[in-house]
Amino acid sequence: MKNVIYLLLIFCSAMALAGQSFRLADGDLVYAGMNKIEILDKLGEPLMKDVQSIGVDKGDGFAGKKTEIWSYRLQGDIGGEYLVSVTFKGDKVTSINSKQRNR
């Protein structure tokens, strides 16, 4: 019974991390928690950068929260071309979303 619980915990952890990473065709992995320099080193300059701001800057030094999204067109490890969005809060990757092209 104890082994079943451990296996279940491992499986749930793997499922939680599945949406937070992307494996490149060369086997490299990009994942949540990386910083912008690491992403630039692995993926290069993005096709597009989008900055979204939540909140209003009232001039008191507290400007709302900014989220930056970098978009790429990449080859995945299982073949095919993917559209990949890497979301940053501050300098850290918070999420990675991918969709295979032509699917």
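The values are calculated or read from the model by the stated rules, or taken from the named source; none is laboratory data. Computed from a predicted structure; not experimentally measured. Cβ atoms come from the backbone with ideal geometry, glycine included; neighbour counts cover every protein chain shown. Heads up: the accessible areas ignore ligands, DNA and RNA and are worked out on the full protein's heavy atoms, side chains in. Shrake-Rupley method; radii C 1.70, N 1.55, O 1.52, S 1.80 Å.
Looking at the structure I just gave you, is G44 more than 20 Å from T94 (Cβ to Cβ) and at pLDDT 95 or above?
yes
Looking only at residues that are polar (S, T, N, Q) and open to solvent by less than 80 Å² (accessible area, probe 1.4 Å) in segment 63-93, which one is nearest to V51 (Cα to Cα)?
Here the answer is T67.
I'd like to verify a number: residues in segment 40-54 that are open to solvent by less than 40 Å² (accessible area, probe 1.4 Å) and over 18 Å from K66 (Cβ atoms), how many?
The qualifying residues number 2.
Out of I37, I96, I need the residue that is aliphatic (A, V, I, L, M) and open to solvent by 30 Å² or more (accessible area, probe 1.4 Å). Which one?
Only one candidate qualifies: I37.
Scan segment 90-103 and report the pairs whose first residue is free of Cβ contacts under 8 Å to residues at least 60 places away in the same chain and whose second residue is surrounded by 15 or more Cβ atoms within 10 Å (Cβ to Cβ) and outside any loop (DSSP other than H, G, I, E, B), with Cβ atoms within less than 8 Å and a gap of 6+ or a chain change.
Listed pairs, sorted by first residue: D91/K36; K99/Y82; Q100/G76; Q100/Y82; R101/Y82.
Go through segment 40-68 and report how many residues are assigned to a strand (DSSP E or B) and more than 22 Å from A25 (Cβ to Cβ).
Matching residues across segment 40-68 total 10.
Please enumerate the residues belonging to segment 3-34 that are modelled with pLDDT of 60 or more and open to solvent by 90 Å² or more (accessible area, probe 1.4 Å).
R23, D26, Y31 - these are the residues of segment 3-34 that are modelled with pLDDT of 60 or more and open to solvent by 90 Å² or more (accessible area, probe 1.4 Å).
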